[in-house]
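Notes follow once the structure below has been shown.
The values are calculated or read from the model by the stated rules, or taken from the named source; none is laboratory data. On a predicted model such as this, the values are computed, not experimentally measured, just so you know. Ideal geometry is used to build each Cβ from the backbone, glycine not excepted, and the neighbour counts take in all protein chains shown.
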Amino acid sequence: MKRIFYLFMILCVSGSLIAQTKYPVTRKTDHTDEYGGVKVSDPYRWLEDDNAAETKEWVTAQNAVTFGYLSKIAYRPLMKKRIEEVYNYPKYSAPFKNGDYFYFYKNDGLQNQSVLYRQKGLDAAPELVMDPNKLSADGTSRLAVFSLSKDGKYAVWGISKGGSDWQTFYVRDMQTGKDLGDSLLWVKVSGVAWQGDGFYYSRYPSPEKGKELSSKNENHQVWFHKAGTSQESDELVFEDKTNPQRFHGVYTSEDQRFAFLSVSDRGKGFDGNALFYRDSKKADKGFSPIVKEVGNFSYGVVDNDGEKLYIQTNDGAKNSRLVLVDLSDPMPKSWKTIIAEKEEPLQSIGTAGGKMYVRYLKDVTTRVYEYDMTGKMIKEIKLPALGTAAGFGGKKTDNFFFYTFNSFTFPPTIYKYDIATGQSSVFRKPEVSFNPGDYETKQVFYPGKDGTKIPMFIVHKKGVKLDGNNPTLLYAYGGFNISSLPGFGPTLIPWLEQGGVYALANIRGGSEYGEKWHEAGMRFKKQNVFDDFIAAGEYLIASKYTSKERLAIRGGSNGGLLVGAVINQRPDLFKVAIPQVGVMDMLRFHKFTIGWNWIAEYGSSDNAEDFKNLYAYSPLHNIKTGINYPATMITTADHDDRVVPAHSFKYAATLQEKNTGPNPVLIRIATNSGHGASNTAKVIEEITDLYCFVFENMGIKPVFGGNAAPANRKPF
């Protein structure tokens with residue numbers, strides 16, 4: 001085995017950090033794959049083995065270079081201190097009721113994990129239920145699931161360790177506060193669906209030892225577990241060995257009479273699900289079909305009135321509708337539309353107190369309406385501003401419920417909604433260490449390459465000068481029918497305080513305008529996503545918010561793919577690029593963990609036409625020699641078992657090899673973390689390094705104290 005070595009040299013010139021970086025020597029091989037007669041080189045294939053000693057040495061060497069670079073940035077401790085200050089305020093979840101208790105999560109400010117409490121009545125003293133901070137020495141084990149039985153006697157709580165998607169479930173007696181000894185292993189992509197003193201959950205067979213974080217996950221099974229028993233005695237409720245790359249999830253109705261089985265098959269390119277039900281009142285305990293075949297339409301049960309089900313679906317309605325299905329005749333021809341499709345995409349429907357609460361998206365902001373159970377609209381629920389609201393649901397017997405509203409500079413505020421009067425009142429408002437009134441948010445609509453109008457939010461301090469000289473951070477996601485909504489993040493404030501501009505582009509591929517918007521940015525139309533993002537950067541420059549020397553881009557997961565693709569296509573447009581936990585190898589993503597689940601979105605290199613499309617934009621395969629790429633900091637984590645770190649490893653090695661410009665190409669590999677930072681400390685550390693890397697490569701020295709903008713905002 002060839003040993004890996006590195007040299008690192010930093011020069012400080014005129015107060016600005018200039019890095020002349022000798023990257024770790026990464027061994028190359030002559031490995032090639034053939035796709036329909038096309039030979040594709042993969043010289044860093046060995047980096048896919050994250051357990052190999054050579055890979056671990058490479059990771060250590062790369063981190064030494066990256067953290068050596070970052071440690072030389074003089075203002076890094078001050079940046080971290082300011083981020084901690086704005087992050088350090090009590091954060092609460094909206095309460096949820098079970099029996100006599102209201103349960104809620106609270107983080108005192110800088111706790112690594114939020115703590116679960118309960119109280120009898122809203123005015124009683126809270127009592128501790130569970131403190132996840134005590135589950136691990138470094139605070140990287142999180143409480144991923146907490147689900148109470150209907151009578152409140154038992155609770156399932158699930159742990160995720162080090163940021164992994166794997167979970168272990170335990171059962172607690174809520175009257176004694178003691179765990180029963182149940183331990184359910186290898187749970188993934190699973191809810192908890194209570195029925196009496198037991199529950200449905202989904203798991204995979206035990207993975208190969210040593211490859212738990214990288215091997216392909218197949219044969220997703222549904223089990224039923226009785227509280228107080230061993231996993232070995234669980235009942236296997238459903239599996240489909242003939243279709244090993246399907247997801248199987250179960251949820252139950254509020255009255256717990258019905259169990260609903262949802263089956264999806266994105267590995268075969270289907271974007272929807274099949275739907276089955278199991279009636280506990282009938283002797284036959286098998287699942288009967290409502291929609292038997294998996295296709296491109298989605299179906300989800302919202303509520304039931306006896307044997308009549310309220311189902312939200314996009315079948316026959318791109319923007320979704322609500323239908324009533326009678327189980328005595330569940331065929332689609334007999335469905336009755338209760339709420340018809342509208343121009344705006346329907347996001348979700350919740351029920352509480354005999355009413356329905358329907359949430360729509362209009363120009364990427366939330367609208368909520370109250371309906372009766374016949375589908376008649378009663379009123380619009382007025383929200384405090386343009387932003388994002390969530391909640392709007394409870395039990396049939398509830399008189400009130402809680403919802404949360406937030407926006408970029410509007411911290412998450414919890415409201416109590418009285419069902420009888422239709423009035424909202426502030427229940428809990430956070431106290432933050434900045435003045436929201438100092439900032440403004442505007443929404444613009446800029447033209448994409450093909451003329452499509454793309455919405456974008458722009459956030460900055462009031463009075464910012466449009467002189468083309470503002471450091472600007474542009475973010476987008478653009479995929480999987482996921483909307484990028486306005487939301488509050490305390491770590492954004494230090495960026496804005498330094499005179500920074502933040503832009504969120506709602507590019508195609510998401511669901512901001514329903515399924516049509518999604519379809520316009522998936523599979524063979526993926527280039528639209530990249531074009532929309534590039535056009536966002538061009539708009540910000542043309543509108544004098546920034547310049548090419550002051551524009552940074554950031555994206556994670558599918559957004560990491562986005563960043564990698566656009567700096568290949570337009571390396572001249574951006575000064576800094578931050579691709580985080582990105583899908584960088586578009587020819588092999590389906591070979592690891594649940595990557596096959598993304599075939600519906602991207603296609604598969606096993607298909608000849610898909611291969612041509614994927615190969616044309618794959619970030620890893622389109623890096624060119626002789627190009628001056630933007631300063632790039634790639635981020636990934638050792639416990640990311642969703643987008644395995646091999647994507648970022650191979651991408652970093654290739655970009656370091658081929659980049660001929662002076663800009664640094666670094667990879668930051670977090671430990672005991674996963675597809676997202678595993679605790680508060682790691683969130684703060686990562687955003688600190690991200691901002692420092694951006695400012696340093698823009699030639700800006702931040703000024704701290706008094707929330708002043710940087711003094712040296714002269715042209716680069």
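Observations
- Residue in the stretch 183-206 that is surrounded by fewer than 21 Cβ atoms within 10 Å (Cβ to Cβ), modelled with pLDDT under 95 and more than 22 Å from residue 589 (Cβ to Cβ) present: no
- Of note, residue 351 does not satisfy the criterion of being more than 30 Å from residue 281 (Cβ to Cβ), out of contact with any Cys (no Cβ under 6 Å at 6 or more places or on another chain) and assigned by TED's automatic domain parsing to the domain that holds residue 422.
- Evaluated against (1) closer than 23 Å to residue 679 by Cβ; (2) out of contact with any helix residue (DSSP H, G or I) (no Cβ under 6 Å at 6 or more places or on another chain), residue 139 falls short on exactly one condition, (2).
- Test: residue in the stretch 573-580 that is β-branched (Val, Ile, Thr) and in a helix (DSSP H, G or I): no
- The residue of the stretch 377-411 that is farthest from residue 104 (Cα to Cα), among those that are β-branched (Val, Ile, Thr) and not in a loop (DSSP other than H, G, I, E, B), is 378.
- Restricting attention to the stretch 445-462, the residues being in a loop (DSSP other than H, G, I, E, B) and within 14 Å of residue 500 (Cβ to Cβ) number 1.
- Residue within the stretch 399-408 that is among the hydrophobic types (A, V, I, L, M, F, W, C) and out of contact with any Phe, Trp or Tyr (no Cβ under 7 Å at 6 or more places or on another chain) present: no
- Hey, residue 369 in contact with a Gly (Cβ under 7 Å, 6 or more places away or on another chain), of a type in the set (Ser, Thr, Tyr) and part of a strand (DSSP E or B) or not: no
- Residues of the stretch 217-232 satisfying the condition of being at negative phi and either assigned to a loop (DSSP other than H, G, I, E, B) or without any contact (Cβ under 8 Å) to a residue 12 or more places away in the chain (or both): 217, 218, 220, 227, 229, 230, 232
- When restricted to residues that are in contact with an Asp or Glu (Cβ under 9 Å, 6 or more places away or on another chain), in a loop (DSSP other than H, G, I, E, B) and farther than 20 Å from residue 105 by Cβ, the stretch 146-178 contains 7.
- Whenever a residue of the stretch 649-665 is closer than 23 Å to residue 696 by Cβ, its partners that are of a type in the set (A, V, I, L, M, F, W, C) and assigned to a helix (DSSP H, G or I), lying with C-beta atoms within less than 6 angstrom and at least six residues away or across chains, give the pairs 651/620; 665/655.
- The single condition among (1) of a type outside the set (Lys, Arg); (2) assigned to a strand (DSSP E or B); (3) touching a Gly at 6+ places or on another chain (Cβ under 9 Å); (4) farther than 13 Å from residue 190 by Cα that residue 259 does not satisfy is (3).
- Single match in 435, 469 (criterion: out of contact with any His (no Cβ under 9 Å at 6 or more places or on another chain) and free of Cβ contacts under 8 Å to residues at least 40 places away in the same chain): 435
- In the stretch 470-491, the residue that is surrounded by the most Cβ atoms within 10 Å (Cβ to Cβ) out of those that are assigned to a loop (DSSP other than H, G, I, E, B) and among the aromatic types (Phe, Trp, Tyr) is 477.
- Selection status of residue 442, within 25 Å of the chain's Cα centre (by Cα), surrounded by fewer than 17 Cβ atoms within 10 Å (Cβ to Cβ), among the charged types (D, E, K, R) and assigned to a strand (DSSP E or B): yes
- Options 116, 110; residue that is surrounded by fewer than 17 Cβ atoms within 10 Å (Cβ to Cβ), not in a helix (DSSP H, G or I) and not assigned by TED's automatic domain parsing to the domain that holds residue 490: 110
- Comparison of 89, 105 shows that the only residue that is buried (at least 19 other Cβ atoms within 10 Å of the Cβ) and either farther than 30 Å from residue 622 by Cβ or not acidic (Asp, Glu) (or both) is 105.
- Residue check for residue 625: among the β-branched types (Val, Ile, Thr), touching a residue at least 24 places away in the same chain (Cβ under 8 Å), buried (at least 24 other Cβ atoms within 10 Å of the Cβ) and touching a helix residue (DSSP H, G or I) at 6+ places or on another chain (Cβ under 8 Å): no
- Only one of the numbered conditions (1) surrounded by fewer than 18 Cβ atoms within 10 Å (Cβ to Cβ); (2) touching a residue at least 40 places away in the same chain (Cβ under 8 Å); (3) touching a Pro at 6+ places or on another chain (Cβ under 8 Å) is not met by residue 410, and that is (1).
- Exactly one residue out of 227, 259 is under 25 Å from residue 161 (Cβ atoms) and outside the structural domain of residue 394 (by TED's automatic domain parsing): that is 227.
Listed here are the residues, each with its yes/no results for (1) farther than 21 Å from residue 257 by Cβ; (2) in contact (Cβ under 8 Å) with a residue 40 or more places away in the chain; (3) part of a loop (DSSP other than H, G, I, E, B).
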{"residue": "300", "(1), (2), (3)": "no, no, no"}
{"residue": "303", "(1), (2), (3)": "no, yes, no"}
{"residue": "322", "(1), (2), (3)": "no, yes, no"}
{"residue": "329", "(1), (2), (3)": "no, no, yes"}
{"residue": "337", "(1), (2), (3)": "yes, no, no"}
{"residue": "358", "(1), (2), (3)": "yes, no, no"}
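- Some residue of the stretch 510-523 being farther than 22 Å from residue 271 by Cα, assigned by TED's automatic domain parsing to the domain that holds residue 659 and surrounded by 20 or more Cβ atoms within 10 Å (Cβ to Cβ): no
- Evaluation of residue 246 against (1) at pLDDT 95 or above; (2) within 24 Å of residue 206 (Cα to Cα); (3) out of contact with any Ser or Thr (no Cβ under 8 Å at 6 or more places or on another chain) (one fails), failing number: (3)
- Matching residues in the stretch 373-392 - criterion: being closer than 18 Å to residue 411 by Cα and touching a residue at least 40 places away in the same chain (Cβ under 8 Å): 382, 386, 387, 388, 391
- The set of residues in the stretch 27-48 that are free of Cβ contacts under 8 Å to residues at least 12 places away in the same chain and touching a Ser or Thr at 6+ places or on another chain (Cβ under 8 Å) comprises 32, 39, 41.
- Some residue of the stretch 632-655 being in a loop (DSSP other than H, G, I, E, B), among the hydroxyl-bearing types (Ser, Thr, Tyr) and either more than 22 Å from the chain's Cα centre (by Cα) or at pLDDT 95 or above (or both): no
- For residue 695: the one exception among (1) farther than 25 Å from residue 58 by Cα; (2) modelled with pLDDT under 95; (3) not basic (Lys, Arg): (2)
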